[in-house]
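The values are calculated or read from the model by the stated rules, or taken from the named source; none is laboratory data. What you see is a predicted model; the values in this text were computed from it and never measured. Ideal geometry is used to build each Cβ from the backbone, glycine not excepted, and the neighbour counts take in all protein chains shown. SASA here: full protein model, heavy atoms, side chains in, ligands and nucleic acids out. Shrake-Rupley method; radii C 1.70, N 1.55, O 1.52, S 1.80 Å.
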Amino acid sequence: MSFDNVIVAVGGFGRYQRRIYLLLCIPPMFAAFHSMSGVFLAAQPSFRCLSPGENPENATFDLPPNISAAAFPWDNDTESWSKCEMYDLDIQDQTEDVRPSLSPTGAPVVKCDSFLYDKSIFKNTITSEFNLICNRAWLRALADSLLVVGMMAGAMVFGGLADRYGRKPIICLCAVIQLTGALLASVAPEIFSFMIFRSIVTSTENGLLVITVVSALEMLVSEKRLLAGIGIQIFYSFGYISVALFAYFIRDWRFLQAALAVPSFGLLTYWWLIPESARWLFSNGRREEAKEILLKASSENGIKSSHNHLDDILNEICTINKPSESEKTSVVQLFKYPNLRRKTILLSINWFVITSAYYGLSWNSGNLGGDLYLNFALVALVELPGHMLPYFTMDRWGRKIMLCGCMFLAGVVLLLAQFVPSHMIWPKVLLTMLGKFAITAAYDVIIIFAAEQYPTVLRNTGVGACATYATIGAILAPYVNYSSVVWNSLPFVIFGTAAIMAGVLALRLPETLNQILPDTIEDGERFGSPNYSEQCAHYKTRSDETKSLQENEKI
């Protein structure tokens, strides 16, 4: 038998599993608060130079054209009055060598050292408070890069810790770090401390997302794994959408940051609300603790079980034993064994392409014009149909065909976008949104597909490693978008070509639909082979027999 038979024996997707699953959906939603809130925290309001004689407390932001013409030079690039330079009207008698540019009256042009911001939309952002504009605008880009670096580090660190010390303590650790870092970020006195605290906060995103998905998959039988993965992604999107609501009512970045941190207090109760993964406990030789959790599950689900009955089932699981020294959790293990190495490389490449395209398309399509809050919500809402597609298809068509199909669809529509004339805005926007729809669906598929590929003893390590390598794609995405200065459609060509190539490589991955999750490294190496598939069919027969017995007992 396999551990999936044990899950069936204690009630499958009963009341106990549903309750724990809903609790596991909440941390990713809170993680989305912090990873997506930067759009509003660092929003750049309209600004202009503050003239020496102006008082920032009562100065009028909009100036008449004649005053603007007298105070600011014309910027040909933006076709407006310069926002970073002004005429120094107090200096009229300087020599020619210190006057790089002169007004018609002979006043030199100087860099502005103080600014006035339009507060009609944002009361205060980190951009306006720390003056991250003009020659300091690069600090905003640095903040975004450090944000992604934090996500990358967290995916690797917390995934490995979860395989070594358990799922529950690391979820609680991530909650503490997220709450502490978010509150400290809200009181950051300058930009560099804000960057550090925000990077610490976002380091927990992949930790919470990956570990909760893995915990849900390990708790459920194979036919419910799809529901587990897609449901958690939908909750993440709800968190994404909720950021717009928080930001709409809270226009000061410090209060917004603090408000987004408050819900994380609820995660501190998870030490008492959620159990450790029984599958992880059993795979690590802690059988008595696993049995206690399984007995509690069967009792809440209304299934009559006893210690002796569970002992009989667990003793039949010959493939699950206490891991040997060779099964110590480590990233090295992923590359030590041929099958695990091949799967890790293929999954990492696909996840890398998905992540780079997802962030690249999100950032490239965000400048739609109009209301920022509405646009942000719409960009988030377009992900919901992307989440629903895998839900209705993965259990029918399989994980591999869905991953490859979504990658091919994304690649084709993005390559088609290059043929749309530049003046035809809406066709290009629609193709971009269709590409993001396909990439969102591919992301849902790969996180479930990857979790099902790895054995229990390395599941979080493997998924965390793939997510870590994939985060490099998010770091490179802005540079791919920047390639549009060479050719306007080059980003679409790069993302589209990469998606098709990754989809072709994904064809070499074994299908996981209706397969028993591997538990040991030996299982992981045999996973995908004909012998392993035959064993899965045998285990499924035993599961059906167990279900029949349960139904007869209820009758």
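Tell me which residues, restricted to the range 354-401, are at pLDDT below 85 and either exposed (fewer than 14 other Cβ atoms within 10 Å of the Cβ) or not in a helix (DSSP H, G or I) (or both). Passing the criteria: S365, G366, N367, L368, G369, G370, D371, L374, L381, V382.
Hey, could you check the range 412-437 for residues that are farther than 18 Å from G386 by Cβ, under 28 Å from the mean Cα position of the chain (by Cα) and aliphatic (A, V, I, L, M) and say which is surrounded by the fewest Cβ atoms within 10 Å (Cβ to Cβ)? Per the stated criteria, the residue is L416. In the range 329-353, the qualifying residues are those that are among the β-branched types (V, I, T) and open to solvent by 70 Å² or more (accessible area, probe 1.4 Å), and the one that is modelled with the lowest pLDDT is V332. Of everything listed in (1) farther than 21 Å from R279 by Cα; (2) at pLDDT below 85; (3) not acidic (D, E), the single unmet condition for G207 is (1). Being touching a residue at least 60 places away in the same chain (Cβ under 8 Å) and either surrounded by 22 or more Cβ atoms within 10 Å (Cβ to Cβ) or among the hydrophobic types (A, V, I, L, M, F, W, C) (or both) is a property that I196 lacks. Against the conditions (1) surrounded by fewer than 19 Cβ atoms within 10 Å (Cβ to Cβ); (2) touching a residue at least 24 places away in the same chain (Cβ under 8 Å), V213 satisfies every one except (1).
Listed conditions (1) part of a loop (DSSP other than H, G, I, E, B); (2) open to solvent by 20 Å² or more (accessible area, probe 1.4 Å) are all met by I177, apart from (1).
Looking at the range 151-169, which of the residues that are assigned to a helix (DSSP H, G or I) and open to solvent by less than 10 Å² (accessible area, probe 1.4 Å) is modelled with the lowest pLDDT? Across the range 151-169, the extreme among qualifying residues is A155. Of note, S264 satisfies the criterion of being surrounded by 23 or more Cβ atoms within 10 Å (Cβ to Cβ) and not aromatic (F, W, Y).
Any idea which residue in the range 216-239 is modelled with the highest pLDDT, counting only those that are open to solvent by 10 Å² or more (accessible area, probe 1.4 Å) and of a type in the set (S, T, Y)? Going through the qualifying residues, I end up with Y236. Within the range 275-305, the residues that satisfy the criterion of being open to solvent by less than 50 Å² (accessible area, probe 1.4 Å) and more than 30 Å from the chain's Cα centre (by Cα) are G285, A290, K291, I293, L294, L295, A297, S298, N301, I303, S305.
Among the residues of the range 122-136, how many are open to solvent by 40 Å² or more (accessible area, probe 1.4 Å) and touching a Phe, Trp or Tyr at 6+ places or on another chain (Cβ under 9 Å)? Looking only at that region, the number is 5.
The set of residues from the range 502-524 being open to solvent by 10 Å² or more (accessible area, probe 1.4 Å), within 26 Å of the chain's Cα centre (by Cα) and more than 15 Å from I345 (Cα to Cα) comprises E511, L513. Output yes when any residue across the range 15-35 is open to solvent by 10 Å² or more (accessible area, probe 1.4 Å) and assigned to a loop (DSSP other than H, G, I, E, B), and no when none is. The answer is no, given that none of the residues of the range 15-35 is open to solvent by 10 Å² or more (accessible area, probe 1.4 Å) and assigned to a loop (DSSP other than H, G, I, E, B).
Restricting A502, A467, A442, A498 to those that are part of a helix (DSSP H, G or I), among the small types (G, A, S), at pLDDT 85 or above and within 26 Å of F376 (Cα to Cα) reduces the list to A442. Just a yes or no: is a residue in the range 245-258 open to solvent by less than 60 Å² (accessible area, probe 1.4 Å) and over 26 Å from the mean Cα position of the chain (by Cα)? Within the range 245-258 (the criterion being open to solvent by less than 60 Å² (accessible area, probe 1.4 Å) and over 26 Å from the mean Cα position of the chain (by Cα)), the answer is no, since none of the residues qualifies. Within the range 315-328, is there a residue that is at pLDDT 70 or above and either surrounded by 19 or more Cβ atoms within 10 Å (Cβ to Cβ) or polar (S, T, N, Q) (or both)? Checked the range 315-328: at least one residue is at pLDDT 70 or above and either surrounded by 19 or more Cβ atoms within 10 Å (Cβ to Cβ) or polar (S, T, N, Q) (or both).
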